[in-house]
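Notes to accompany the following structure.
Every number in this text was worked out from the coordinates using simple rules, so none of it is lab data. Note that this is a predicted model, so its numbers are computed, not measured. Glycine gets a Cβ as well: all are built from the backbone with ideal geometry, and neighbour counts include every protein chain shown.
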């Protein structure tokens, strides 16, 4: 599995479909999102449980209900979605090899354990730089990129497709689902 | 397993011990490096096979032989070592979910497949930024950081430890081992 999972890819694609709330004021169901992307509803339901737990989406129950973004698309970064789905994974898990030098015997001297290992420091700097990029891009900025190359009709086609879907009863997953006001 | 493996951590620690070639002109054996770090010789031998295949170390056979850096420590980056050990792993493996929209039917329109997916583009930018950091730091820069906090005696202690090791016959691993001139 890659460092950033394919569940993140599906989560982002789903969230992009929620950027325009006019399509479905009550939210879009995981079933509609699944059919729209040719993937199983169960798979997306698991993804939405995580997105909901992370506070990125809100769910509305009942007929015509579904999920909607919990905040403005410019306030949901790619990093937010990655952390919601994959958790906070470090790039590198330092085993403190620096302390095991045979010359140190059973206890490493203070200078050797002081601060972060110089190798680990490089990995942390790389990770920070990567995270900065992922935190800079948002659902809003990606939507703008897609809109720049998609024909204007695409957005209305999606709206029409969603409007034409049968209205089913939606039961939000997980406990403590907030109802939309 | 983390994105950057622990074998990379051991590889970097080993290579740092090879930065000062005066310690052992014929190179340092994996056995000595293993004993110095409290890890098995077999484990380090596998790591050195990869480092050698990537052209980062050269091996000398025979009594007192071992491995030495193939080029100056400022010419061996952390990224070089990561690629040698873990291979060129992308951060994200795009499955082109963008092409599977139900509205497209069996064939996605050209605008949808043009260029890189807007989500993938974010991941590629993050990966490039991460790689830039990893390519900037080298064995020389890490050695300088360690030297700044270690007492001056540490380097001479390592040299003395290596000089005191029994000289054993070293057979370089893998085919095509280049002999040092």
> Label 7 Å along Cα→Cβ of residue B:128; region A:140-154 residues with amide nitrogen under 20 Å?
Replying inline: A:141-149
>> Please report, in whole Å³, the volume per residue of the convex hull around the C-alpha atoms of region A:18-93.
In response: 105 Å³
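For region A:6-170, what's the relative contact order in percent, using C-alpha pairs closer than 8 Å and at least 6 residues apart?
Details: 174 pairs, mean separation 51.5, N = 165.
Relative contact order, region A:6-170: 31 percent.
Calculate, for residue A:114 and residue A:61, the FRET efficiency according to 1/(1 + (r/R0)^6) with r their C-beta to C-beta distance and R0 56 Å; round to the nearest 0.05.
Values: r = 55 Å, r/R0 = 0.98.
The calculated FRET efficiency here is 0.55.
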> Taking other Cβ within 10 Å of each residue's Cβ, how do A:46, B:149 sort, fewest first?
Replying inline: B:149, A:46
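Grab the Cα-Cα distance for residue A:6 and residue A:163, subtract it from 0.36 nm times how many residues apart they are, and report the gain in nm with one decimal.
Working: separation 157, 0.36 × 157 = 56.52 nm, distance 2.80 nm.
Net length gain for the segment: 53.7 nm.
Would you mind ranking B:47, A:158 so that the residue whose beta carbon has the fewest other beta carbons within 10 Å leads the list?
Numbers: B:47 22, A:158 18.
In order of increasing Cβ crowding within 10 Å: A:158, B:47.
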> Any idea what angle helix B:118-136 forms with the longest principal axis of chain B, computed on alpha-carbon atoms, 0 to 90 degrees, nearest 10?
Replying inline: 20 degrees
> Taking chain A as a Gaussian network, where each spring joins two C-alpha atoms under 10 Å apart, which residue of A:155, A:141, A:113 fluctuates the most?
Replying inline: A:113
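Tell me what the protein assembly as shown gives for mean residue ellipticity at 222 nm when only DSSP H runs of n ≥ 4 count, each as -39,500 (n - 2.57), the sum divided by the residue total, rounded to 500 deg cm²/dmol. Kindly include the intermediate steps, with their values, before the conclusion.
Working: 16 runs with 176 residues, N = 362.
Helix-only estimate at 222 nm: -14500 deg cm²/dmol.
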> Modelled label-to-label distance, residue B:107 and residue B:121, 7 Å Cα→beta-carbon offset: nm?
Replying inline: 2.5 nm
>> Can you classify region B:6-170 as rounded, prolate or oblate using the Cα gyration tensor, where a ≥ b ≥ c are the square roots of its eigenvalues, rounded means a/c under 1.5, and otherwise it's prolate if a/b beats b/c and oblate if not?
In response: prolate
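Going by how many other beta carbons lie within 10 Å of each one, how would you line up A:146, B:122, B:116, fewest first?
Working: A:146 18, B:122 25, B:116 12.
Ascending Cβ contact count within 10 Å gives the list B:116, A:146, B:122.
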> Between region B:1-54 and region A:124-139, what's the alpha-carbon centroid distance in Å?
Replying inline: 31 Å
> Given q = 0.07 Å⁻¹, what are the Debye log10 I(q)/I(0) values for the protein assembly as shown, with equal point scatterers placed on the Cα positions and solvent ignored?
Replying inline: -0.44
> Between residue B:149 and residue A:74, what is the label-to-label distance in nm when each label sits 7 Å out along the Cα-to-Cβ direction?
Replying inline: 4.1 nm
